[in-house]
1. For the range 26-41, enumerate the residues that are in contact (Cβ under 8 Å) with a residue 24 or more places away in the chain, farther than 25 Å from Pro108 by Cα and surrounded by fewer than 20 Cβ atoms within 10 Å (Cβ to Cβ).
2. One residue is enough: does the range 92-110 have a residue meeting the conditions exposed (fewer than 14 other Cβ atoms within 10 Å of the Cβ), of a type in the set (Asp, Glu), out of contact with any Ser or Thr (no Cβ under 9 Å at 6 or more places or on another chain) and not assigned by TED's automatic domain parsing to the domain that holds Asp25?
3. Within the range 254-273, how many residues are crowded, with 16+ Cβ neighbours inside 10 Å and part of a loop (DSSP other than H, G, I, E, B)?
4. Run down Gly221, Gly263 and say which single residue is without any contact (Cβ under 8 Å) to a residue 24 or more places away in the chain and either closer than 26 Å to His114 by Cβ or not assigned by TED's automatic domain parsing to the domain that holds Thr27 (or both).
5. I need a count of the residues in the range 42-67 that are surrounded by fewer than 19 Cβ atoms within 10 Å (Cβ to Cβ) and in a loop (DSSP other than H, G, I, E, B).
6. Please go through the range 237-253 and pick out each residue that is assigned to a loop (DSSP other than H, G, I, E, B) and free of Cβ contacts under 8 Å to residues at least 40 places away in the same chain.
7. Taking the range 92-101 as the region of interest, how many residues are within 12 Å of Ile49 (Cα to Cα) and either over 25 Å from the mean Cα position of the chain (by Cα) or in contact (Cβ under 8 Å) with a residue 60 or more places away in the chain (or both)?
8. Go through Leu159, Leu179 for me and flag whichever is surrounded by 20 or more Cβ atoms within 10 Å (Cβ to Cβ) and outside the structural domain of Glu23 (by TED's automatic domain parsing).
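The values are calculated or read from the model by the stated rules, or taken from the named source; none is laboratory data. Since the model is a prediction, treat every value here as computed from it, not as a measurement. Cβ: placed from backbone, ideal geometry, glycine included. Neighbour counts: every protein chain shown.
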Amino acid sequence: MPASPVSDRLHNAGVPTYRLTVEYDGTRYRGWQIQKNARTVAGELHRAIAGVAGEVLELGGAGRTDAGVHALAQTAHLRLARKIDPAKLWREVNDALPADIGVIAVSPESERFHARHAAVSRTYLYQICRRKSAFAKRCVWWVRRPLDAGRMREAVSLLEGKHDFALLCEKPDDATSTLVVVDSAEVAEDVALILVRLTASHFLWKMVRRLVGVLVRVGAGELRPSDLDALLRLQALPAGTSSVAEGTAPPSGLFLERVTYPGDRPIPPIAPAFPVRD
C-alpha cells in the first residue's frame, strides 16, 4: 500500500516539530485523545493550533488521560506543515483555547522527538480531601470516612519495584503486558488533603485510580496493608470484600503531574496541586 502524503512528509527530514507543555482541567472532556463524537483536550488543542498555524501533521501526548482526569504538565509533540515562531504559536493558541486548557510552553524540537516514546517516566498525583470543599470539588475526591494516613503509607510502600498489576487495572487482557516498574510511591498529608503520588515507567488503564481506591479502603480499616500485597501477587481479596473495580477512585482527584525525559531535573517534593484549608 502506498504511503499517504502526510506519512511521506513525517518521514522526511526537516518537518517542523515542537514540544508543548499543556495544563488542563479535564472535567468537561472525554479524556486527552481525539475522538470523533466527543469533546477532548487534544481535539480542542488541534482545532486551536490549526487555526493559528495551518495544517497539523501530527499531535501526540505522552499519556492518554481518561475522561475527567486533569494535567498539571502534559507533554505533547506537534508536527506542522510549515514553520511558525514558537512565541507566536504559544500566544495565539492560548487565545484560541477554552479557559480550562492552557499551553504553558512551546519549544522547537528535533523531528525525531516523540512525546510518548522519548519519556522516561510519568508521575501522577491524586488528591483526597477529608472535608467537603466548595472550591476544590473538581480536583479532589471527598472521602467522608476517617482515614488513617499511616496505614495508607504502610500499604503504598509495597508498590515500589516491578509488579504485575493485572488485578489493579481495567481490561488487562487488552494490555501488551501488565508488568509495570514503579519508581516511587508515596502518601503525604497537607492540611485537609491526603496526597498520593506515583511515578512509573508507564501506567495501565485506570491503574492509579484502582490503587487509590484500595489505599482509601486500607486507610478506612476495610482492608489490611497486606491485602494490597496479595493483589500484586495476583491473589483475590478476602471473601465478602467488594471488588477492586467497585472501589475505583473518581477521576476528579487525579492529575498527570509531570512527564520526565532524559536530562530533566529530579522531581520536587510532593505538594498539592491546589491546597485546601482545614
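1. Across the range 26-41, the qualifying residues are Thr27, Arg28, Arg30.
2. no
3. So the first thing to find is which residues in the range 254-273 are crowded, with 16+ Cβ neighbours inside 10 Å, and the list is 254-260, 270, 272-273.
This time we only want the ones that are part of a loop (DSSP other than H, G, I, E, B), so: 270, 272-273.
Counting residues in the range 254-273 that are crowded, with 16+ Cβ neighbours inside 10 Å and part of a loop (DSSP other than H, G, I, E, B) gives 3.
4. Working: Gly221 fails: without any contact (Cβ under 8 Å) to a residue 24 or more places away in the chain.
So the residue among Gly221, Gly263 that is without any contact (Cβ under 8 Å) to a residue 24 or more places away in the chain and either closer than 26 Å to His114 by Cβ or not assigned by TED's automatic domain parsing to the domain that holds Thr27 (or both) is Gly263.
5. Counting residues in the range 42-67 that are surrounded by fewer than 19 Cβ atoms within 10 Å (Cβ to Cβ) and in a loop (DSSP other than H, G, I, E, B) gives 4.
6. Looking only at the range 237-253, we keep the residues that are assigned to a loop (DSSP other than H, G, I, E, B), and these are 237-244, 248-250.
Result: Leu237, Pro238, Ala239, Gly240, Thr241, Ser242, Ser243.
7. So the count comes out to 1.
8. Numbers: Leu179 fails: surrounded by 20 or more Cβ atoms within 10 Å (Cβ to Cβ).
Exactly one of Leu159, Leu179 is surrounded by 20 or more Cβ atoms within 10 Å (Cβ to Cβ) and outside the structural domain of Glu23 (by TED's automatic domain parsing), namely Leu159.
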